[in-house]
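One structure below.
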Amino acid sequence: MSTIPSRRRGLAVAGAFAAATLVLGACTNSSSDGDDTSAAVTKSGTDNDKSGDKVVIGFSAPAADHGWMGAITKAAVAQAEQYDDVELKVAEGTNDVNLQISQVETFINDKVDAIVLLPFDGAAMTQVARKAMDAGITVVNVDREFDSPFAARTTVLGDNYGMGVSAGTFVCEDAKGSKDKVVAEIAGIDSLPLTQERSQGFEDALKACGLDVDNRVAAEFTVESGEKVASNLLQAAPKIDYLWNHDDDQGVGVLAAINNANRDEFTMIGGAGSADVMEAIKAGDSVLKATVVYPSTQAADGVKLARLLVQDKSLSDLAEIEVPRQLKLAAPVVTADNVDTYLPSAFRS
């Protein structure tokens, strides 16, 4: 998602392709440092904000071994702190599926009112999520979907396909009709559906303007893998006009490889929307000219929805009297023209 001149246009481009140790304790007050997602967490300013019956919410997510994942948990805690009628019980982040299952079972035994769950593995967590729903506990599924629609009352998703479309649309608009541009792609983990969806969206958007992906490699969403595969890509491709990197955390390594190779002839588009990348875009002194946002507010939205569901409220801006079964967040492109709008809610790589 020429460059995008405003926040409004960035949203419009993405919106066209988007659908709308278990340690438990009450969340405690913590101040935001102003450079991550929690800085943008607020109340909605509607009657829904009025204090109601107390809602106890269990929250579980993978380990914060990635900037985006760390921001997910921090934003969820910050969101819960906005409401005096919410008690958030936070389980220690884990990439151990069996431990996460145990965490959810503990929430069930504690008879929490709701569970906001970002599963390490959606399929593996489906059964225990269904168990929670069967026990009368409202489950909000975040980011990685369960295998069964009966495992959650509602699901909050980023738009992976839309990310690819947004990145490809940015390339097409910037290329201004040229059909001979060399486009490269550094994907994430190829076995993951989210990576496949991002790549498919990118391919489809490029096809619309007569371009395709000339060089593609896959990394592992880590700095080390990003540097390794980017080095291989740069050796294999002596000329590149556009490079889309799926993930801003692995992008730290990608940029290191680019600098080591003394390459600066191309435009780089990031993915996820880290504060580090946005600051580089704002400075205008690197190959980074844009990034596509994958919101790290998903779990915070999950907390808000869980509260609404338990208190029998609906989304105030919709005519529908029930909270929707699924919310898909937009994937806007951030450029130098609109970076100041998105920087306050960005996470650190």
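A few notes on this one:
- Expressed in Å, the radius of gyration and Dmax of the Cα atoms of the stretch 221-268 are 9.6, 25.
- Across q = 0.10, 0.16 Å⁻¹, the stretch 41-163 modelled as identical point scatterers on its alpha-carbon atoms has Debye log10 I(q)/I(0) values of -0.30, -0.77, in the order of the q list.
- Burial ranking of peptide ranges 281-287, 225-231 (average Cβ count within 10 Å, highest at the top): 225-231, 281-287
- nm² value of the averaged projected area, convex hull over the Cα atoms of the stretch 237-340: 8.6
- Percent of alpha-carbon pairs separated by more than 27 Å within the chain: 45
- Accessible area (Å², per residue) of the stretch 97-248, counting only protein heavy atoms and a probe of 1.4 Å: 41
- Backbone phi angles across the stretch 66-78, fed through the Karplus curve with coefficients 6.51, -1.76 and 1.60 (θ = phi - 60°), yield HN-Hα couplings of 8, x, 5, 5, x, 5, 4, 5, 4, 5, 4, 5, 4 Hz in residue order; Gly and Pro are listed as x.
- Under 5 Å, built H, 5+ apart or other chain: amide partners of residue 86: 55
- Debye intensity ratio I(q)/I(0), log10, the stretch 163-251, q values 0.25 Å⁻¹ (C-alpha model): -1.26
- Cα gyration tensor, the stretch 111-225 - rounded (a/c under 1.5), prolate or oblate: prolate
- For the stretch 199-295, the gyration tensor built on C-alpha atoms gives a rounded shape. Its axis ratio a/c (a ≥ b ≥ c) stays under 1.5.
- When the C-alpha to C-alpha distance is required to be over 28 Å, the pairs from 176/282; 179/289; 181/328; 228/328; 181/289 that qualify are 181/328; 228/328.
- Amide H contacts of residue 185 (H built 1.01 Å from N, under 5 Å, at least 5 apart or other chain): 215, 216, 217, 244
- The stretch 249-298 - percent of accessible surface contributed by carbon and sulfur, probe 1.4 Å: 47
- Over the stretch 98-154, the alpha carbon radius of gyration divided by the compact-protein estimate 2.2 N^0.38 Å works out to 0.94.
- Under the criterion of Cα pairs below 8 Å and six or more residues apart, the relative contact order for the stretch 43-141 equals 32 percent.
- Note on the stretch 281-349: Cα convex hull, mean projected area over all directions, 6.1 nm².
- Using θ = phi - 60° and Karplus 6.51 cos²θ - 1.76 cosθ + 1.60, couplings along the stretch 112-128 (whole Hz; Gly, Pro as x): 5, 7, 8, 10, 9, 10, 9, x, 5, 9, x, 5, 5, 8, 4, 4, 6
- For the stretch 324-349 versus the stretch 232-304, the gap between their alpha-carbon centres in whole angstrom: 14
- Note on residue 89: lysines with a C-alpha under 19 Å away, same-chain residues under 8 apart excluded, are 54, 74, 111, 131, 304.
- Relative contact order of the stretch 248-349, pairs being alpha-carbon contacts under 8 Å that are 6 or more residues apart, as %: 33
The values are calculated or read from the model by the stated rules, or taken from the named source; none is laboratory data. Source: prediction; values computed, not measured. Every residue, glycine among them, receives a Cβ derived from its backbone with ideal geometry; neighbour counts consider all protein chains shown. The area values use the complete protein model at the heavy-atom level, side chains included, leaving out ligands, DNA and RNA. Shrake-Rupley method; radii C 1.70, N 1.55, O 1.52, S 1.80 Å.
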